[in-house]
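Q: Below is a structure I'd like to ask you about.
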């Protein structure tokens, strides 16, 4: 299918496809907004498992009475566990949690409410941790780009780094939009996936640029031909590695979905789409963009 | 060039097989009714609180503007650790984050009789330091022993307690481990009077009082005696030295406990996260199944696509996984065991997919060289050489990512934690293990995917039945 595909000449097509996906993402962002997990924004979430459904309105008023704040309440499921989730915008003390647990155990005896998981954190700590994560992303991106620029000085270091950066931003946005579109709260998993895709996507780009470096040493062909040849040369490798990676992630995603392990679903799904996007952007975006920029540079000189 | 012997493949394959078996099942010796762990297997892996259920807590001063010193944070950590041990919780992790004035504690908890929250409340309760004349005790109404002597000082009178190594006696040059105790002006007179009275004949006992409420809840004495040193001479300047410690650690623990009873602020839980054991048990078996599926699927794909190099890749992949598991379980004595979490296992499975990349790159290069008309040996040699730099670069990028991941999600004393020591750490530590498995994945990939795969391929290619280019993706 891609046997005689001219990656460089068809850059426009790839850009249009990417732009369309980005537009959908931006639209969803405008409609749904970004949801932050407690670890970033602070607050409290308590999940109880139960055997017999409790009266939600009553549970809400009991919780509000004990905790002294507005409590949101919702039914949830994790695998074969039936859950009820209480959320609060402020953090609470162990003392308050303890009295809530005792109170619901007494008031809802027939439901057998038991703590499934709970999490509470102050808003100030959440903000600081969010900052730490964003800083980590920035540091990782800078380190990686410096490395690529350094390793590929021969093939136009900065320009190659910049072209890789475009592909990277593209993949990170895809991961981000996956969270937005599927309504997954941004949490530790988000940072882990973003960082992994950062490395993974760059890895793909490096393999291509490495091939370009080798081919340019051997031949005097035009830049466009060299990049096209390189892309065709690494095509099989990129596709096969992407497939093996996606098979591994799919195994995790499938089993997690089947068994209701939500914390892993919100990890594997963005990872899967990020990995696919990583290979796509390396093949269709970074190389061709680099050619475009190098030609512009040459025209100016 | 020296040829790789044919036997090399079989030797490496047997070593990998042995590694797989021992790292999965472990090796245990039975001596009578006692079982000794010789090599740690999967069942010896320490699972994180997200798998076995447990609690993540951050403790800090109740007053936001308290600005605790690093000695005070150490003291908070020590008292919390002591509490955990007294509750029979020994597989906890505790970190003092001095830069942000907090202590992070993680421990498994599956006890139905006491809720995690009430335990957390107890852990954070600091005792009030008290100094009594003599070390005699009496029993209270509930039959617990409590100090009998006259109260001399309490925590408010103590300025600092520090473990140190110094020369104590004027007649000998020998140095020993001691606690240097400094009192505030408020305590000097009372301490001077008491020591004058007891010099040469009596003791002063140091206690932590945890209060009535704590005693009731835990069914223990509210008082805990830390130390009862002899009084050698009258101390009038408010600077005392407590001797008689065998090691620095011993002196430091008591000094920390004294400091914990004299903190100028109270301790509270800043963040708590509780996970029930039922939540994690499901997840662990899910990840186990996913791992096996991923492993089989990737191996089958590799053999189907690349034939002989694919078969070698599958063996190397088994070796890589076994080596990674070994680095987690503490198989090798020099690599300490690592707490494994769900994201950690996800990282392990991800590295199955990513790990074969170097085999794919090499196998593709060999295939190209063969189709360009090279001999099998020549194709393997130049294919391996030509693909090295791309594989190396790819692994470096993952290494950088893994280091940053471990830095951002680890505590400040974890590997790479110094990167972000000035910002507060994550309250849940699950992702730290993901960084670790990625990191170990890269290292083991260098050993298995690069070095041993190539060795095995060169060796097996010398067998007569594999002298057909078809086995390497070439024409028959």
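Every number here is computed from the coordinates shown, using simple stated rules; none is lab data. Just so it is clear, the model here is predicted, and its values are computed rather than measured. Ideal geometry is used to build each Cβ from the backbone, glycine not excepted, and the neighbour counts take in all protein chains shown.
Q: For residue A:297 and residue A:103 in the same chain, what is the full-extension length gain: residue separation times 0.36 nm, less their Cα-Cα distance, in nm?
A: Separation in residues times 0.36 nm, less the Cα-Cα distance, equals 62.7 nm.
Q: Hey, another quick one. Tell me the relative contact order for chain A as a rounded percent, counting alpha carbon contacts under 8 Å between residues six or more apart.
A: Taking the mean separation of contacting Cα pairs over the length of chain A, I get 25 percent.
Q: Now, a different point. Obtain the radius of gyration and the Kirkwood radius of region A:128-239 from its C-alpha atoms and give Rg over Rh.
A: A ratio of 1.06.
Q: Further, regarding this structure: Return one quarter of the surface area of the convex hull spanned by the alpha-carbon atoms of region A:143-184, equal to its mean projected area, in nm².
A: That works out to 3.0 nm², a quarter of the Cα hull's surface.
Q: Which one, A:275, A:63, A:74, has the greatest fluctuation when you compute a Gaussian network model over chain A with C-alpha springs under 10 angstrom?
A: A:74
Q: Based on the Cβ-Cβ distance from residue B:201 to residue B:334, what FRET efficiency comes out when R0 is 56 Å, to the nearest 0.05?
A: E(calc), rounded to 0.05, equals 0.60.
Q: Continuing with the same structure: Quick check: convex hull over the Cα atoms of chain A, volume per residue in Å³, rounded to an integer?
A: Roughly 145 Å³ of hull volume per residue.
Q: Kindly provide the Kirkwood hydrodynamic radius of region B:1-91 in Å, to one decimal, from all pairs of distinct alpha carbon atoms.
A: 18.7 Å
Q: Now for a different question. As a check on your grasp of the helix formula, calculate [θ] at 222 nm for chain A: sum -39500 (n - 2.57) over DSSP H runs of n ≥ 4, divide by the residue count, round to the nearest 500.
A: Only helices count here, giving -24000 deg cm²/dmol.
Q: What do you get for Rg/Rh over region B:77-226 if you use C-alpha atoms and the Kirkwood form of Rh?
A: Checking Rg against Rh, the ratio lands at 1.02.
Q: A further question on this structure: Give the average, rounded to an integer, of partner chain Cβ atoms located within 10 angstrom of each Cβ in B:113-124.
A: 4
Q: Still on this model: Using alpha carbon centroids, what distance separates region B:253-288 and region B:54-68, in Å?
A: Measuring centre to centre over Cα atoms gives 11 Å.
Q: Which percent of Cα pairs goes in each bin when the distances of region A:201-274 are cut into 5 angstrom slices starting at zero?
A: Spelled out per bin, shortest first, that is 3, 15, 20, 15, 11, 10, 8, 7, 5, 3, 1, 0.
Q: Can you give the Rg/Rh ratio of region B:250-392, where Rg is from the C-alpha atoms and Rh is the Kirkwood radius?
A: Expressed as Rg/Rh, it is 1.25.
Q: May I ask you to list the residues of region A:78-118 whose amide nitrogen lies under 13 Å from a point 7 Å from Cα along the Cα→beta-carbon direction of residue A:60?
A: Only A:85-88 fall inside the zone, counting backbone N under 13 Å.
Q: Another question, then. Can you show me the helix-derived [θ] at 222 nm for chain B, built from DSSP H runs with n ≥ 4 at -39,500 (n - 2.57) apiece and divided by the number of residues, rounded to the nearest 500.
A: Calculated from helices alone, the mean residue ellipticity at 222 nm is -15500 deg cm²/dmol.
Q: Could you work out Rg/(2.2 N^0.38 Å) for the protein assembly as shown, with Rg from alpha carbons only?
A: In units of the 2.2 N^0.38 Å rule of thumb, it is 1.13.
Q: With every atom except the alpha carbons ignored, what do you get for Rg and Dmax of region A:1-59, in angstroms?
A: My reading of the Cα-based Rg and Dmax gives 23.1, 67 Å.
Q: Go ahead and run the numbers for FRET between residue B:3 and residue A:74, Cβ-Cβ distance against an R0 of 60 Å, rounding to 0.05.
A: Step by step, r from the Cβ atoms, then E = 0.30.
Q: Using the reciprocal of the averaged 1/r over all distinct C-alpha pairs, how large is the Kirkwood radius of region A:1-140 in Å?
A: Evaluated on region A:1-140, it is 18.5 Å.
Q: Note the per residue figure in Å³ for the convex hull of the C-alpha positions in region A:110-171.
A: 129 Å³
Q: Then there is this: Tilt of helix B:7-25 relative to the longest C-alpha principal axis of chain B, in degrees (0 to 90, nearest 10)?
A: 40 degrees
Q: Take the alpha-carbon centre of region B:372-396, take the same for region B:121-144, and report the distance between them in whole Å.
A: 72 Å
Q: Against the longest alpha carbon principal axis of chain A, how many degrees, from 0 to 90 and to the nearest 10, is the axis of helix A:56-67 turned?
A: 90 degrees
Q: Also: Between helix A:123-151 and chain A, what is the angle of the helix's C-alpha long axis to the longest principal axis, kept within 0 to 90° and rounded to the nearest 10?
A: 20 degrees
Q: Where the convex hull is taken over the Cα atoms of region B:1-157, what is its projected area averaged over directions, in nm²?
A: 19.8 nm²
Q: Additional query: Suppose R0 equals 56 Å. What FRET efficiency, 1/(1 + (r/R0)^6) with r the Cβ-Cβ distance, do residue B:151 and residue B:451 give to the nearest 0.05?
A: Efficiency for this residue pair is about 0.20.
Q: Could you order peptides B:363-372, B:87-96 by the average number of other Cβ atoms within 10 Å of their residues, highest first?
A: With the highest mean Cβ count within 10 Å placed first, the list reads B:363-372, B:87-96.
Q: Label points 7 Å out from Cα along the Cβ direction at residue A:13 and residue A:262: separation in nm?
A: Label at residue A:13, label at residue A:262, 4.2 nm between them.
Q: Multiply the residue gap between residue B:86 and residue B:246 by 0.36 nm, knock off their C-alpha separation, and tell me the result in nm, one decimal place.
A: Full-extension gain reported as 55.4 nm.
Q: Moving on. Could you tell me what % of all Cα pairs in region A:67-147 have separations over 15 Å?
A: Of all Cα-Cα distances in region A:67-147, 71 percent exceed 15 Å.
Q: Quick one: in chain B, what % of C-alpha pairs are over 42 Å apart?
A: For chain B, the fraction of Cα-Cα distances above 42 Å is 38 percent.
Q: Still on this model: With contacts defined as alpha carbon pairs under 8 Å and 6 or more residues apart, what's the relative contact order of chain B in percent?
A: Value for chain B: 20 percent.
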